[in-house]
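Following: one structure in structure tokens, then a few remarks.
Just so you know, all these numbers are worked out from the coordinates, no wet-lab data involved. Keep in mind that what you see is a predicted model, and the values were worked out from it rather than measured. Positions of Cβ are generated from backbone atoms using ideal geometry, with glycine treated the same way; all protein chains shown enter the neighbour counts.
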Amino acid sequence: MPILDQGYQHWNGQLRGHAWRWLTISRQGARAQLKNRWVWVTIIGACLPAFILSGFLVLWGLFEQKSSLLTPLLFLFQGLPEELRAGPRGYRTTFWTLAFNQFLDIQLFFAMALVLLVGPDLISQDLRFNAMSLYFARPVRRLDYFAGKLGVIAAYLGAIMVVPVLLAFGIGFAFSLDPLVFRDTWRVLVASLAYGAVVVLSAGT
């Protein structure tokens, strides 16, 4: 059996900068967690409040326009005060704030569930199988390692805390058919994104 030369072999793949070393750890870690059935169950469960939030903003946009599409659903608005039914746009900021606040309160439960499912295995498995020596035998700094593990948490929490906020805001803006909706509600968007970022960072650290 011939002995092959194990000398230097030129790398023909795509080269990446050193600044993105943590991304490889995050990507592989996120893929590994998808093998957990309960992670999928939690993510799917977290989608339900996002659909409800988007549906509410769609209904509110149609309600502001007094659209005929709401005729079959008029019974939902019978208990509202007369001044609210007469001028719903004046209450836009209040109702958007309440909707996003309720959504984030619910998502916090799913976020903590994901942290409990994903977090414990991120470093414990590396310690169990002595994978630390493999990581640091490569040009990976400790900062890259911990940033990569934080990226796994950030990916999952961002998927249920940040992405739904952006999508729901865009849907609500589209169905309002009023360019002033951004002026009235941009603070709600910024506050919701900031809240999501705080949850991601606090859970990851």
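Data for the structure
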{"read-out": "Order of 106, 160 - criterion: other Cβ atoms within 10 Å of each residue's Cβ, fewest first", "value": "106, 160"}
{"read-out": "Distance in nm between pseudo-label sites at residue 130 and residue 159 (7 Å out along the Cβ direction from Cα)", "value": "3.3 nm"}
{"read-out": "FRET efficiency for residue 35 and residue 174, using Cβ-Cβ distance with R0 set to 45 Å, rounded to 0.05", "value": "0.80"}
{"read-out": "Principal axes of the range 81-198: Cα extent on each, largest first, Å", "value": "68, 26, 19"}
{"read-out": "Pair residue 51, residue 97: separation of 7 Å Cα→Cβ label points (nm)", "value": "3.0 nm"}
{"read-out": "Least to most buried among 56, 169 (fewest other Cβ within 10 Å first)", "value": "56, 169"}
